[in-house]
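All remarks here apply to the structure that follows.
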Amino acid sequence: MFQNLGEMMLLFSRTVRSLPLLWRHRQKVFDQFFEIGNASLLMVCILSFFIGGVISLLTGPVLVERGLASAVGGLVGLSMCKELGPVMMSILIAGRIGSAMAAEIGSMRVYQEIDALRTMNINPIHYLVMPRVVAVAVALPLLVIFSVLVGWGGGALVAATNPKISVSFQSFLVNLKEIVTFGDVANGLFKSFIFALVIGVVSCHQGLQTIGGPRGIGRSVTKAVVNCIVLIVILDYFLTRLLL
Amino acid sequence: MNEPTPDSNHSGVSVKVCGLRKSFNGQEVLKGVDLEIPSGEIFLIMGPSGSGKSVLLRHIIGLEEPTEGEILINGKSIQSPEVMEEYRLAMVFQSGALLNSLTVAENVGLYLSEHRLKPPREIARIVAEKLELVGLKGQEERLPNELSGGMKKRVAIARALVIEPQLILYDEPTSELDPLSAVVIAEEIVHLKKRIHVTSIVVSHDRELAFGVAHRIAFIHEGQILAVGTPDQVRQNPNPVIQHFLNANFKFD
Ligand SMILES: Nc1ncnc2c1ncn2[C@@H]1O[C@H](COP(=O)(O)OP(=O)(O)OP(=O)(O)O)[C@@H](O)[C@H]1O
Ligand SMILES: [Mg+2]
């Protein structure tokens with residue numbers, strides 16, 4: 001994986017340099033963007049609801065026991081927007097969208113479609129990679145906003161209905177508002193933006209690297225998803241450190 | 001994309017292959033190929049399966065990097081980036097290599113639409129015209145995976161014709177076609193050459209195509225050129241491999 005890091009950086013810099021062509025390829029970006037939304041919005045909601053719920057469930061009783069009922073909202077709010085929303089959603093998107101990108105580009109590679117593009121003097125980076133990277137870089141932060149809101153909702157619902165917590169909806173939200181700042185949310189969105197670039201570049205790179213028929217495509221998909229998740233988790237630590 | 005000058009617009013390019021060698025994982029597939037193909041010629045490459053014909057074509061259009069030697073298009077190395085900008089080249093792949101996510105019409109018009117060479121309505125007209133030419137009138141909205149092998153091949157040919165190329169490479173253009181479609185494609189190869197003076201390199205086992213349309217034929221065997229010459233010269237070449245290949249026929253006795 002790490003010997004490819006250099007190639008990935010190169011692909012990333014080429015993608016960035018092709019950004020002036022963004023307007024020309026806007027249709028492809030839109031298509032990718034809506035595909036990402038379509039494929040993952042429902043999952044994002046379900047996942048986030050239960051993630052928010054489970055943090056509430058785990059921390060709520062402990063805090064209430066120690067007379068810190070007023071901290072439940074803040075704790076759920078912060079962990080959702082600074083860590084769990086961005087990281088969990090990025091992992092979800094790596095599995096759902098990164099895999100699809102690697103598979104699609106990989107099969108184009110194997111079945112010579114990319115060669116055909118090159119003979120037509122169409123740059124595969126402009127045609128395939130850039131629209132996908134841009135689409136996921138825009139879509140993922142938006143999905144994270146969604147995820148954070150739904151997660152807060154899930155946390156609040158559990159806090160209000162679980163007899164061991166019973167922090168009302170209202171006091172949960174008041175407390176959340178007190179503790180979570182706009183900066184915290186922005187912090188999470190920034191992380192997810194970086195993770196989105198990782199997903200786009202790693203998956204497209206893996207797709208372009210594919211060799212050797214259908215089995216090669218399968219291998220590329222697995223590698224793309226695993227590499228994305230590993231990189232996301234490692235980067236998460238350093239980004240958190242940096243943004244502390 | 002640079003506007004080609006009117007002069008270069010309607011003339012083919014010359015191709016020179018110098019000492020081309022290619023190894024894949026230590027196995028040598030091309031063992032020193034030298035060819036010179038003047039502008040406007042229909043040059044046919046024939047040889048047994050696995051002899052390196054497709055690999056040779058992929059080198060000529062710059063998809064593979066030679067292990068040794070080089071390919072010159074009008075005297076310029078195909079590896080230099082400006083060659084692809086300067087000349088219009090096209091290749092019909094053995095498998096067709098259509099973009100599976102695009103319709104037939106989008107595939108055929110891809111070159112024009114991606115390079116913004118024509119307005120959409122004009123592109124639609126050209127696409128319909130080329131599809132009719134290859135006998136696929138009215139198939140615009142179908143997807144590649146709904147087509148048969150021969151239909152894919154014909155779409156690929158239409159896609160190459162749209163480019164109005166100065167060099168066109170065909171990898172077995174008639175191999176999956178019925179005899180009637182094969183004749184249409186053979187005629188179009190000749191017609192295209194007459195109309196825009198394109199240089200054509202055709203890989204084919206099809207002996208009728210070879211002796212019907214080619215100006216010159218090269219015979220390749222195990223990565224080496226055994227003979228180059230006019231159809232008659234190659235037919236009379238005494239090399240037993242060539243004679244065996246040309247005279248292979250089913251015999252029931
Ligand atoms: N990417 C590659 N990696 C390794 N070996 C390859 C590769 N491409 C081609 N070869 C090998 O090169 C040789 C020539 O292949 P090529 O496809 O050029 O044959 P061909 O003459 O076109 O045959 P056919 O008439 O069956 O299409 C074969 O032995 C093939 O295994
Ligand atoms: Mg071949």
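The values are calculated or read from the model by the stated rules, or taken from the named source; none is laboratory data. Just so we're clear, the structure is a prediction, and the values are computed from it rather than from any experiment. Note that we place each Cβ from the backbone using ideal geometry, even for glycine, and neighbour counts take in every protein chain shown. Accessible surface is based on the protein model in full, side chains and every heavy atom, while ligands, DNA and RNA are left aside. Shrake-Rupley method; radii C 1.70, N 1.55, O 1.52, S 1.80 Å.
Some points to look at:
- Cβ pairs under 9 Å, 6+ apart, first in region A:25-47 and farther than 21 Å from A:Ser147 by Cα, second surrounded by fewer than 18 Cβ atoms within 10 Å (Cβ to Cβ): A:Val29/A:Leu22; A:Val29/A:Val138
- Within region B:110-125, the only residue that satisfies the criterion of being part of a helix (DSSP H, G or I), among the aliphatic types (A, V, I, L, M) and open to solvent by 50 Å² or more (accessible area, probe 1.4 Å) is B:Ala124.
- Whichever residue in region B:190-209 is hydrophobic (A, V, I, L, M, F, W, C) and over 17 Å from B:Leu57 (Cα atoms) and, among such residues, is farthest from the chain's Cα centre (by Cα): B:Ile196
- Being hydrophobic (A, V, I, L, M, F, W, C) and under 18 Å from the mean Cα position of the chain (by Cα) is a property that B:Ala248 lacks.
- Scanning region B:73-104 for residues that are surrounded by fewer than 17 Cβ atoms within 10 Å (Cβ to Cβ), closer than 18 Å to B:Cys18 by Cα and out of contact with any Asp or Glu (no Cβ under 8 Å at 6 or more places or on another chain) yields a total of 2.
- Cβ-Cβ under 7 Å pairs, at least 6 apart or on other chains, region B:209-221 side away from chain A (no Cβ under 14 Å), far side among the charged types (D, E, K, R) and away from ligand 1 (no atom under 16 Å from the Cβ): B:His215/B:Glu41; B:Arg216/B:Glu41
- Pairs with Cβ under 8 Å, 6+ apart, first in region B:49-62 and under 13 Å from B:Arg21 (Cα atoms), second near ligand 1 (Cβ under 6 Å from one of its atoms) and among the hydrophobic types (A, V, I, L, M, F, W, C): B:Gly52/B:Val29; B:Val55/B:Val29
- All positions within region B:17-28 that are surrounded by fewer than 18 Cβ atoms within 10 Å (Cβ to Cβ) and either within 13 Å of ligand 2 (Cβ to nearest atom) or touching a residue at least 12 places away in the same chain (Cβ under 8 Å) (or both): B:Cys18, B:Gly19, B:Arg21, B:Ser23, B:Glu28
- Among the residues making up region B:167-189, those that are more than 16 Å from ligand 1 (Cβ to nearest atom) and in contact with a strand residue (DSSP E or B) (Cβ under 7 Å, 6 or more places away or on another chain) are B:Leu167, B:Ile168, B:Ile189.
- Scanning region B:64-92 for residues that are in a loop (DSSP other than H, G, I, E, B), touching a residue at least 12 places away in the same chain (Cβ under 8 Å) and either facing another protein chain (nearest Cβ under 9 Å) or over 23 Å from B:Gly223 (Cα atoms) (or both) gives B:Asn74, B:Gly75, B:Tyr87, B:Arg88.
- Checking B:Asn145 against (1) within 14 Å of another protein chain (Cβ to nearest Cβ); (2) within 16 Å of ligand 2 (Cβ to nearest atom); (3) open to solvent by 60 Å² or more (accessible area, probe 1.4 Å), the condition it does not meet: (2)
- Qualifying positions in region B:29-41 - surrounded by 22 or more Cβ atoms within 10 Å (Cβ to Cβ) and away from ligand 2 (no atom under 14 Å from the Cβ): B:Val33, B:Ile37
- When B:Pro231, B:Pro238 are checked against the criterion of being out of contact with any Phe, Trp or Tyr (no Cβ under 8 Å at 6 or more places or on another chain) and without any contact (Cβ under 8 Å) to a residue 60 or more places away in the chain, B:Pro238 stands alone in meeting it.
- Test: residue in region B:125-139 that is facing chain A (nearest Cβ under 10 Å) and among the basic types (Lys, Arg): no
- Any chance B:Phe219 is aromatic (Phe, Trp, Tyr) and within 16 Å of ligand 2 (Cβ to nearest atom): yes
- Lone qualifier among A:Ala137, A:Ala103, A:Ala116 - being aliphatic (A, V, I, L, M) and more than 30 Å from B:Met91 (Cα to Cα): A:Ala137
- Output for region B:42-51, where each listed residue is open to solvent by less than 10 Å² (accessible area, probe 1.4 Å), out of contact with any helix residue (DSSP H, G or I) (no Cβ under 7 Å at 6 or more places or on another chain) and within 7 Å of ligand 1 (Cβ to nearest atom): B:Ser51
- Taking the listed residues B:Glu176, B:Glu164, B:Glu172, the one that is closer than 28 Å to B:Ile37 by Cα, within 16 Å of ligand 2 (Cβ to nearest atom) and open to solvent by 20 Å² or more (accessible area, probe 1.4 Å) is B:Glu176, with no other qualifying.
- Filtered residue count, region A:1-36, keeping only those that are within 14 Å of another protein chain (Cβ to nearest Cβ) and assigned to a helix (DSSP H, G or I): 8
- Filter result (under 15 Å from the mean Cα position of the chain (by Cα), of a type outside the set (Asp, Glu), outside any helix (DSSP H, G or I) and more than 19 Å from B:Ser204 (Cα to Cα)) within region B:126-171: B:Ile163, B:Pro165, B:Gln166
- Candidates B:Ser101, B:Ser39 - the one that is more than 13 Å from every other protein chain (Cβ to nearest Cβ) and part of a loop (DSSP other than H, G, I, E, B): B:Ser39
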